[in-house]
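**Student:** What follows is a single structure, and I will ask about it in a moment.
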Amino acid sequence: MTAAMPSPASPGLRTALAACPLIAILRGLTPAEAPAIGAALVGAGFTVLEVPLNSPRPIDSIRQLATAHPAALVGAGTVMTTAEVDQVAAAGGQLIVMPHADLAVVRHARARGLACAPGVATPTEGFAALAAGADALKLFPGEMLTPAVLKALRAVFPRDVLMIPVGGVSEATMPAYWAAGADGFGIGSALYKPGATAADVARRAGALVDAARALRR
């Protein structure tokens, strides 16, 4: 039986993923690298940029990216507290991504008008997060939540709930997830690692965007 349920995604996040279903996870990005890396990603077609808060001076990088790329959805990953939500909002960020499903953080992000994608691994976590106002469900870790698991989740969640596998995602793994019902993908080390040049990132981003476009053909 299909469950009825809550919170559709915010137009900003849904629209961004419709344009490009890839979220750039820039763990380890520094403020000095942010301008060139951000330009490479947006130039390749990425519309969602995430700087995890365990990166060096992440709020500074988020501020730079949000200012330079107002048409992109820029925000933070590895968000753990409501105070961090406030810091991201003050820097111009519009997206909160979490490794877990702390409902207080989800509600606070919603109250601040930021899109929120908490990390979930079970239906219980997913439905609770949606009831708290989550805009999307980050299926994490993706290495554990296989395409077969995603297909099973799709049988009980409303189809308009955005589901985004994160962890171990690459061009090779995207097709199976897409066929199982993924709406987008968080791409980390397959796209960016600390010390990567803008040229490296542009090349990887182009290949990933091409692979994502092929899924829709």
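The values are calculated or read from the model by the stated rules, or taken from the named source; none is laboratory data. All values derive from a computational prediction rather than experimental measurement. Cβ sites come from the backbone with ideal geometry, for glycine too, and all protein chains shown count toward neighbours. We work out accessible area using only protein heavy atoms, side chains counted, and drop any ligands, DNA or RNA first. Shrake-Rupley method; radii C 1.70, N 1.55, O 1.52, S 1.80 Å.
**Student:** From (1) assigned to a helix (DSSP H, G or I); (2) open to solvent by 10 Å² or more (accessible area, probe 1.4 Å), pick out the condition that doesn't hold for ALA71.
**Tutor:** Among (1) assigned to a helix (DSSP H, G or I); (2) open to solvent by 10 Å² or more (accessible area, probe 1.4 Å), ALA71 violates only (1).
**Student:** Could you list, in sequence order, the residues of the range 18-45 that are under 13 Å from ALA71 (Cα atoms) and among the hydrophobic types (A, V, I, L, M, F, W, C)? I'd like the intermediate steps shown before the answer.
**Tutor:** Initial filter on the range 18-45 (under 13 Å from ALA71 (Cα atoms)): 19-20, 38-39, 41-43, 45.
Matches in the range 18-45: ALA19, CYS20, ALA39, LEU41, VAL42.
**Student:** Return the residues of the range 28-46 that are buried (at least 18 other Cβ atoms within 10 Å of the Cβ) and part of a helix (DSSP H, G or I); say none if nothing qualifies. Before the answer, list the steps.
**Tutor:** Step one: filter the range 28-46 for residues buried (at least 18 other Cβ atoms within 10 Å of the Cβ), giving 28-29, 31, 33-34, 37-38, 40-42, 44, 46.
Across the range 28-46, the qualifying residues are ALA34, ILE37, GLY38, ALA40, LEU41, VAL42, ALA44.
**Student:** Inside the range 34-69, can you point out the residues that are aliphatic (A, V, I, L, M) and touching a Pro at 6+ places or on another chain (Cβ under 7 Å)?
**Tutor:** So the first thing to find is which residues in the range 34-69 are aliphatic (A, V, I, L, M), and the list is 34, 36-37, 39-42, 44, 48-49, 51, 53, 59, 62, 65-66, 68.
Hits for the range 34-69 are VAL51, ALA68.
**Student:** For THR81, only one of the following conditions fails: (1) touching a strand residue (DSSP E or B) at 6+ places or on another chain (Cβ under 7 Å); (2) open to solvent by 10 Å² or more (accessible area, probe 1.4 Å); (3) β-branched (Val, Ile, Thr). What is its number?
**Tutor:** Failed condition: (1).
**Student:** Something else about it: Just checking, how many residues over the range 1-27 are open to solvent by 70 Å² or more (accessible area, probe 1.4 Å) and at pLDDT below 90?
**Tutor:** 6
**Student:** Can you find a residue that is under 19 Å from GLY186 (Cβ atoms), touching a His at 6+ places or on another chain (Cβ under 9 Å), touching a residue at least 40 places away in the same chain (Cβ under 8 Å) and surrounded by 19 or more Cβ atoms within 10 Å (Cβ to Cβ) anywhere in the range 112-122?
**Tutor:** Taking every residue of the range 112-122 in turn, at least one turns out to be under 19 Å from GLY186 (Cβ atoms), touching a His at 6+ places or on another chain (Cβ under 9 Å), touching a residue at least 40 places away in the same chain (Cβ under 8 Å) and surrounded by 19 or more Cβ atoms within 10 Å (Cβ to Cβ).
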